[in-house]
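The values are calculated or read from the model by the stated rules, or taken from the named source; none is laboratory data. Owing to the predicted nature of the structure, the values given are computational and were not obtained by experimental measurement. All Cβ positions, even for glycine, are placed from backbone atoms using ideal geometry, and neighbour counts span all protein chains on display. Ligands, DNA and RNA are excluded from the accessible area calculation, which covers all protein heavy atoms including side chains. Shrake-Rupley method; radii C 1.70, N 1.55, O 1.52, S 1.80 Å.
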Amino acid sequence: MQIVNQTLESFKIGYPLERTAPLDQFLFIDIETTGFTAKSSSLYLIGAAFLADGNWQIRQWFCENPIEEAALLDAFFDFASSFTHLVHFNGNNFDLPYLMQKCEQHKLPHNFDSFDGIDLYRRISPYKAFLHVPNCKQKTLETLLGISREDRFHGGELIEVYKTYVETLSADARTLLLLHNSSDIQGMLQLLPLLAFYDLFNGNIRAKKVQANSYIDYHGQERQELLMKLALPSPLPFSLSNLANGCYFSGEKDEGILKVPLYEEEMKYFYASYKDYYYLPEEDIALHKSVSSFVDPAHRAQATAATCYTRKYGLFLPQWDIVAEPFFKRDYKSHDLFFELTDERKTDRTLFSRYAQHLLEKMAKTY
């Protein structure tokens, strides 16, 4: 077994990972195998990145022969035991289960129980469409960030290269194998800024400014919108904009803008306990029986779920879950929900911070 070390001089990760834990507690890992199933393939390389002496380091444990698997696993887990956080790319689906199966095969007592994990793929992939990428393969995301790599192979192509190395001990083959793994490891470090998009949907957005605007649309009609200026949880690695459900988001660095359609019209608030209400057809409202019993029975009817409402004219904002109450609808069967933009609410930054998070989550699910 060979152990290869590399120092990434002056390398910066570009994401505040230290908010989670001290940087020297993170271990980035990637494995290379001759197949997807542990029982019928070999583990020949484990690569790891970590911070030491002020620089990011890459260490690789390389099997010169498949019979060295157990020694490789022992050496890796012994080294990893001093870290608390494990970072990988789709490792929950492949790397970690594969390593556990290999430990079981060799009757080794190692596990990952003591680690907190960050799977970059799982954190980024739900926002694939929002990021405007066709897939969330590591090389696709590297291209998104403008990252270029010297390595031009994928893992499947290197299976034959490893077989060639075992048979010939070719230095060129060894170089290709180590280069691919170190490129994957360094690529993970370079992809960390994409976690800002995970934070965008799961962090704490703060509404800094909220104002209502009027504008003229493409058809010459006057429209109204709510403009929110946002402080984002983490700086975005590149500028991004999206339009969904009539809402527009634009983000650059640690600032964002959300534009939401504002509707000035009459809406209906539906009471829940309609059996306690009368509906007054002439007034087109429902009143509680305790205050409407004096109304001539000829001018009232037992309210139903569809007629048990009061009407309100005002400015309304859309919501897809109940962020603010009371909530209004255009009619009983409508699935669209709204809440009223009152003068008091215009200054409620806590509400609009929560509302901005709600809108972004809806936009991500719409794509």
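For segment 1-76, the relative contact order is 38 percent, taking Cα pairs closer than 8 Å that sit 6 or more residues apart in sequence and dividing their mean separation by the residue count. Over the chain, Cα pairs under 8 Å with separation of 6+ residues give a relative contact order of 12 percent. Inter-label distance, Glu266 to Asn135: 5.5 nm, where each label sits 7 Å from its Cα along the C-beta direction.
Fully extending the segment from Glu325 to Ala52 would add 93.1 nm, taking 0.36 nm per residue of separation and subtracting the current Cα-Cα distance. With 0.36 nm allotted per residue and the present C-alpha distance subtracted, the Ile3-Asp113 stretch has 37.1 nm of extension available. If you count Lys pairs in segment 38-161 whose Cα atoms are under 24 Å apart, skipping same-chain pairs closer than 8 places in sequence, the total is 4. Does anyone have the angle between helix 69-80 and the longest principal axis of the chain? Alpha-carbon axes, 0 to 90°, nearest 10? The angle comes out near 60 degrees.
Heavy atoms of the protein chains alone define the surface here; on that basis the chain has 51 Å² accessible area per residue at 1.4 Å probe size.
Starting from the Kirkwood Rh over alpha-carbon pairs, what translational D in µm² s⁻¹ does segment 267-367 have by Stokes-Einstein at 10 °C and 1.306 mPa s? D, rounded to a whole number, is 104 µm²/s. Over the chain, with a Gaussian network built from C-alpha contacts below 10 Å, which listed residue (Glu150, Glu264, Glu32) shows the highest mean-square fluctuation? Result: Glu150 has the largest fluctuation of those listed. For segment 266-352, the set of chymotrypsin sites (Phe, Trp or Tyr not before Pro) satisfying both a DSSP loop assignment and a count of at most 14 other C-beta atoms within 10 Å is given as Phe294, Tyr332. Would you indicate which of (i) 22.8, 70; (ii) 29.1, 101; (iii) 21.5, 66 is the value of Rg and Dmax of the Cα atoms in Å derived from the coordinates of this structure? Label (ii) holds the value from this structure. Ignoring lysines fewer than eight residues from Lys209 along the same chain, the ones with Cα atoms less than 20 angstrom from its Cα are Lys229, Lys253, Lys259, Lys346.
Across segment 259-264, computed HN-Hα scalar couplings (Karplus, 6.51 cos²θ - 1.76 cosθ + 1.60, θ = phi - 60°) run 10, 10, x, 10, 10, 9 Hz from first to last residue, x flagging Gly and Pro. Listed by chain and number, the lysines whose alpha-carbon sits under 20 Å from that of Lys268, ignoring those within fewer than 8 places in the same chain, are Lys289, Lys312, Lys329, Lys333.
Between the Cα long axis of helix 349-366 and the first principal axis of the chain there is an angle of about 70°, rounded to the nearest 10.
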